[in-house]
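First the structure, in the form of structure tokens, and then the observations on it.
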Amino acid sequence: MYRIVKKVDLAPTIKRFEIEAPLIARKGKPGQFVMIRIDEKGERIPLTLVDASPEKGTITIAALEAGKTTKKLNSMKEGDYLADVAGPLGRPAEIAKYGRVACVGGGVGIACIYPEVRAFKQAGNYVVSILGARTKEMLILKNEIAEFSDEIYVATDDGSEGFHGFVHLLLKKLIDEGKRFDLVVAVGPVPMMKAVAETTKPYKIKTIVSLNPIMIDGTGMCGCCRVEVGGETKFACVDGPEFDAHLVDFDLLMARNRRFIEEERLALEEYNKVCGCKR
Ligand code: NAD
Ligand code: FES
């Protein structure tokens, strides 16, 4: 059992949890993820490590309420216990000195890009963080990310803060204005990562994305997380989750992620009836 030590509201539907998990905390690196299960009957969901503190023996994750499990998770309180937390899983991000690195985060993906911003900065890079959110209220961790960024830019879909539009358009604007990048790393919804890949490809900027296919075991055995990269089948949980964005078949990933959309809708509907929630 894994105790929730701290819970913080990052945005109306995004919560950050610090969880007691000393063994994972000792080994967790930026780019890796954990699989959690809330209770014995719960599904397993992958969540990217936002932080890992060997000193405190805790790990940090962030969850956006998207379906039954994330809604149930976000209703948990400090002192509650998760049944299982397995990890760290996946390959760590390749942190090195590249020069000028753009870290692009979209929505809850901003929480996932945070440890990479910090690690790239600590590795001696010039870090430009570019954050995209639907609205000002949904923009998370701006101050924490600013602390490790040489420059920070914000885009909101509704124009309530910063650039008015999707985050890849802000990235394009910065490139067209003359900003040079040796590496772009993007984490967020799949259409966003696809758009970032299409933006940087003509400029031949090396671009890395963190893929989030449906996962079951997270250890390379079930094949559920298979993605196509450079015409080859890869398992995101063991070969990734980070891949060369210019080689990823994003359309296939989006199609596979929609596979259980009806079952997910029904599960959420049932859960809402049980918990008395309106949506
Ligand atoms: P969101 O819908 O709020 O979008 C966040 C930002 O992404 C937007 O502000 C915009 O700048 C950009 N964006 C969204 N749609 C776009 C499009 N069609 N084209 C270009 N840019 C676009 O994001 P959210 O609701 O926080 O994200 C939810 C999704 O992110 C879930 O599907 C979740 O699985 C995924 N996710 C991915 C990772 C990962 O490791 N890649 C991690 C966490 C969550
Ligand atoms: Fe089963 Fe990756 S989740 S192989």
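Every read-out reported here was derived from the displayed coordinates using simple, explicitly stated rules and does not represent laboratory data. Please read all numbers here as calculations on a predicted model, not as lab measurements. Please note: Cβ atoms are built from the backbone with ideal geometry, for glycine as well, and neighbour counts cover all protein chains shown.
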Practice problem: Would you please give the residues with an amide H less than 5 Å from that of Ile216, counting only those at least 5 places away or on a separate chain, with H modeled from the backbone geometry? | Solution: Cys224, Cys225
Quiz prompt | Farthest toward positive dipole pole in the stretch 39-197 [+1 Lys/Arg, -1 Asp/Glu at C-beta], among Val50, Tyr126, Gly178 | solution = Gly178
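Quick one: net charge around Val209, please, counting Lys, Arg +1 and Asp, Glu -1 for every other residue with C-beta under 11 Å from its C-beta. Write out the running numbers ahead of the final one.
On the way: positive: Lys194; negative: Glu242, Asp244.
It works out to a net charge of -1.
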Quiz item: Tell me, how many Å apart are the Cα centres for the stretch 215-249 and for the stretch 52-74?
Solution: 23 Å
Self-check item: Distance violations [Cα-Cα > 20 Å] among Lys27/Lys142; Lys6/Lys56; Lys136/Lys194; Lys41/Lys72; Lys121/Lys142
Solution: Lys27/Lys142; Lys136/Lys194
Quiz item: For the pair Lys41 and Cys222, what calculated FRET efficiency results from E = 1/(1 + (r/R0)^6), where r is the Cβ-Cβ distance and R0 = 22 Å, to the nearest 0.05?
Solution: 0.70
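In what order do Leu64, Leu252 fall by count of nearby beta-carbon atoms within 10 Å, going from fewest to most? Mind dumping the intermediate values first?
On the way: Leu64 20, Leu252 13.
If I rank by nearby Cβ atoms, fewest first, I get Leu252, Leu64.
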Practice problem: Count neighbours as other Cβ atoms within 10 Å of each site's Cβ, and list the trypsin sites (Lys or Arg not before Pro) in the stretch 59-123 that are DSSP loop with at most 12 such neighbours. | Solution: Lys77, Lys97
Quiz item: Hey, what did the stretch 35-85 get for relative contact order, percent, Cα under 8 Å, at least 6 apart?
Solution: 43 percent
Quiz item: Using 0.36 nm per residue, how much length does the chain from Leu23 to Asp9 gain when fully extended, once their Cα-Cα distance is taken away?
Solution: 2.5 nm
Quiz item: How far is the Cα center of the stretch 110-138 from the Cα center of the stretch 140-214, in Å?
Solution: 9 Å
Quiz item: How much length is gained if the chain between Val274 and Lys179 is pulled fully straight, taking 0.36 nm per residue apart and subtracting their Cα-Cα distance, in nm to one decimal?
Solution: 29.0 nm
Quiz item: What is the chain by shape, rounded, prolate or oblate, if you read a ≥ b ≥ c off the alpha carbon gyration tensor as root eigenvalues and call it rounded for a/c under 1.5, prolate for a/b larger than b/c, and oblate otherwise?
Solution: rounded
Quiz item: Which aspartates and glutamates does Lys172 reach when only Cα atoms under 17 Å apart count, and residues fewer than 8 places away in its own chain are ignored?
Solution: Glu151, Asp157, Asp182, Glu198
Quiz item: What nm distance separates the two modelled labels at Lys201 and Glu147, each placed 7 Å from Cα along Cα→Cβ?
Solution: 3.8 nm
Exercise. Can you tell me the 0 to 90 degree angle between the C-alpha axis of helix 167-176 and the longest principal axis of the chain, rounded to 10?
Key: 20 degrees
Quiz item: What are the ³J(HN,Hα) values, in whole Hz, obtained from phi via the Karplus relation 6.51 cos²θ - 1.76 cosθ + 1.60 with θ = phi - 60°, for each residue of the stretch 103-115 in sequence order, with x given for Gly and Pro?
Solution: 9, 10, x, x, x, 5, x, 4, 5, 6, 7, 3, x
Exercise. May I ask you to derive the relative contact order of the stretch 25-151, considering only C-alpha pairs under 8 Å and at least 6 residues apart, and to give it as an integer percent?
Key: 24 percent
Quiz item: Between Gln122 and Ser53, what length comes free when the chain is fully extended (0.36 nm per residue of separation minus the Cα-Cα distance, one decimal in nm)?
Solution: 23.2 nm
